[in-house]
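Presented below is the structure to which this report refers.
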Amino acid sequence: PNIPVIWIDTGYLHKETYYFAEHLTRRLSLNLKVYQSDVSAARMEALHGQLWDRNDEDSHRAYGVLRKVEPMARALRELGAEAMISGVRGAQTKHRAGLKRITLNSAQKHYRIHPLLHWTQEDVENYLAKHNLPYHPLKRKGYVSIGDKHSTKPLTISPSASTNSEASNRNTRFNGKQQECGLHTEKSNVAELNAVLS
């Protein structure tokens, strides 16, 4: 089917992620829709600094809303989406463990479907092998959770990643300070962005 695949480009992704996305788009004939923040990365840093590098929750929330939540909300609105399929898994974070397979996002008025919610890492690896699908190239360099280049580290050099569970793998993001960017939570609402940034 020609289902739109939404990719949120924060402006801070690893170059390998861009190449990987191009490869997958061609190989799988994806109907890829790329969305970005209306505020460029350079403009955000000039006006607000490096929000990801601060130790307060408001800055992390502002970063997530500005770079990810607002573009996703706009994408869903512009595409007229009534539902969004997400690959989150319950073992990844405490918040995700509490999700249901189908939920209504009342703030953005669409359903969220989580078909992989109860999959393990082994289930994912078996599926990829069975269908001859590639891994992200950074996996070979020790990355177990891949996001923005400034806030994602390989498992081998992340100081807070002491065990090899899926939840601890998320600690390779934002030095373990932040587990969710806001895309999969109700509390990061686009409407609160101005209050957080002011």
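The values are calculated or read from the model by the stated rules, or taken from the named source; none is laboratory data. These figures come from a predicted structure and were not determined experimentally. Glycine also receives a Cβ, built like all others from the backbone with ideal geometry; neighbour counts cover every protein chain displayed. We work out accessible area using only protein heavy atoms, side chains counted, and drop any ligands, DNA or RNA first. Shrake-Rupley method; radii C 1.70, N 1.55, O 1.52, S 1.80 Å.
Please work out how much length the chain gains when fully extended from TYR111 to ASN2, using 0.36 nm per residue of separation minus the C-alpha to C-alpha distance, in nm with one decimal. Before the final figure, lay out the partial values.
Details: separation 109, 0.36 × 109 = 39.24 nm, distance 1.91 nm.
That pair, TYR111 and ASN2, stretches by 37.3 nm at full extension.
The trypsin sites (Lys or Arg not before Pro) found in the stretch 48-106 that occupy coil by DSSP, while having at most 15 further C-beta atoms within 10 Å, are ARG54, LYS100, ARG101. For the stretch 58-72, the Karplus equation 6.51 cos²θ - 1.76 cosθ + 1.60, evaluated at θ = phi - 60°, returns couplings of 4, 5, 5, 5, 4, 4, x, 5, 5, 8, 10, 5, 5, x, 5 Hz by residue, with Gly and Pro reported as x. Across the stretch 79-100, the residues whose backbone nitrogen lies under 16 Å from the label position 7 Å along the beta-carbon direction of HIS131 are 85-89.
Proximity of backbone amide H atoms, modeled 1.01 Å from N, is registered between ASN105 and HIS110, TYR111, ARG112 at under 5 Å, excluding neighbours fewer than 5 places apart on the same chain.
So how much slack lies between ARG77 and GLU22, counting 0.36 nm per residue of separation and subtracting their Cα-Cα distance, in nm?
Between ARG77 and GLU22, full extension yields 17.4 nm more.
Taking amide H atoms as placed 1.01 Å from N in the peptide plane, the amide H of VAL5 lies under 5 Å from those of ASN31, LEU32, LYS33, each 5 or more residues away in sequence or on another chain.
Report in % the part of the accessible area of the stretch 1-121 that belongs to carbon and sulfur, leaving out ligands and nucleic acids; probe 1.4 Å. Can you show the working numbers first?
On the way: 3650 of 6850 Å².
Carbon-and-sulfur percentage of accessible area, whole number: 53.
Using a probe of 1.4 Å, the accessible surface attributed to ILE102 totals some 110 Å² when neighbouring protein chains are kept in position. Scalar couplings 3J(HN,Hα) for the stretch 73-86, obtained by applying the Karplus form with A = 6.51, B = -1.76, C = 1.60 to θ = phi - 60°, are 4, 5, 4, 4, 5, 5, 7, x, 6, 9, 8, 10, 9, 10 Hz; x denotes Gly and Pro.
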